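I have placed the structure first, in the form of structure tokens, so that the comments after it can refer back to it.
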């Protein structure tokens, strides 16, 4: 009997010791393989410049741009200093096709000052394929006069033909040779509006432009005929890299509108450093029915950071009756 109890105790001890060893011989179930998610990335469309990326699953590249400007300005005829801010943001889609580049662009802008707040509104909306554009866009006519903003300075204003952005159908061809271009545009005479009505008394304005852009600069000639206003205009514009760090812009134009006007301007820009640029210019506006107008501006732009500009400008204008001074300081950022 004693032997039997000793045998049972030995067997129990053997099982107790062997059980953990047997358990370690049984492989534990492994976790199922979970496929890792593909790495997220954006394909950049470097051929179109910064800010463009490819829409996944398409051949279309999407880009954005924008600007915010805060301004403080004063005219000597006012006893107050005014402040304003404006902002805009644009969205552009580009697709390379066998017929040329297909572009769609839309931009919204809002302005505000010390008297009222303006709701955001579209100021660009157009489609282009190769050299052809249809929609609301800047006029094909070259409206550049002075450098800077030239606040209040005589130029292409409402006293002439009010040449501004317009609903249009235009073609601008650049295949005549290196740097050469020519274009023709039909633009609504009722400008700065997204819609237009046409009849025998309200036909589109016809605008033509030819020019050349080379390493030394660009020169072009713009013409315009408006049946609605019974007026026409012609203007030549040249922008030349004179010497190192010095640029110049000259314009000469004739406007046969309600008042015949001759326009002449000259401006120069100097790059003091990579971050400091200055400009100065003058304009002369001779009109048959009113006193001649002349004026000018001088300004300085400091860019301490990429896409950040601090700008100061002083302008002067004399219309024969009054001489007006205006000053402006502006902070702007673009992307």
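The values are calculated or read from the model by the stated rules, or taken from the named source; none is laboratory data. As the structure is a prediction and not an experimental result, all values here were calculated from the model. Here the Cβ positions follow ideal geometry from the backbone for every residue, glycine too, while neighbour counts run over all protein chains shown.
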Residue 66 meets each of (1) in contact (Cβ under 8 Å) with a residue 60 or more places away in the chain; (2) within 30 Å of residue 323 (Cβ to Cβ) with one exception, condition (2)
Unmet criterion (only one of (1) part of a strand (DSSP E or B); (2) within 30 Å of residue 79 (Cα to Cα); (3) more than 26 Å from the chain's Cα centre (by Cα)) for residue 321: (1)
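Results for (1) over 23 Å from residue 82 (Cβ atoms); (2) free of Cβ contacts under 8 Å to residues at least 40 places away in the same chain; (3) in contact with a strand residue (DSSP E or B) (Cβ under 9 Å, 6 or more places away or on another chain), shown as yes or no for each residue.
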| site | (1), (2), (3) |
| --- | --- |
| 243 | yes, yes, no |
| 260 | yes, yes, yes |
| 267 | yes, no, yes |
| 274 | yes, yes, yes |
| 278 | yes, yes, yes |
| 289 | yes, yes, yes |
| 292 | yes, yes, yes |
| 297 | no, no, yes |
| 311 | no, no, yes |
For the condition touching a strand residue (DSSP E or B) at 6+ places or on another chain (Cβ under 8 Å) and modelled with pLDDT under 95, what is the one hit in 98, 109, 92, 116? 109
Residues of the stretch 158-176 being at pLDDT below 85, surrounded by fewer than 16 Cβ atoms within 10 Å (Cβ to Cβ) and in contact with a strand residue (DSSP E or B) (Cβ under 9 Å, 6 or more places away or on another chain), in sequence order, are 175
State the number of residues belonging to the stretch 37-52 that are surrounded by fewer than 16 Cβ atoms within 10 Å (Cβ to Cβ) and touching a strand residue (DSSP E or B) at 6+ places or on another chain (Cβ under 7 Å). 4
Scan the stretch 111-133 and give yes if some residue there is assigned to a strand (DSSP E or B), in contact (Cβ under 8 Å) with a residue 24 or more places away in the chain, over 18 Å from the mean Cα position of the chain (by Cα) and within 20 Å of residue 169 (Cα to Cα), otherwise no. yes
Could we say that residue 198 is more than 13 Å from residue 137 (Cα to Cα) and modelled with pLDDT under 95 here? yes
Scanning the stretch 273-294 for residues that are modelled with pLDDT under 90 and in a strand (DSSP E or B), which turns out farthest from residue 50 (Cα to Cα)? 287
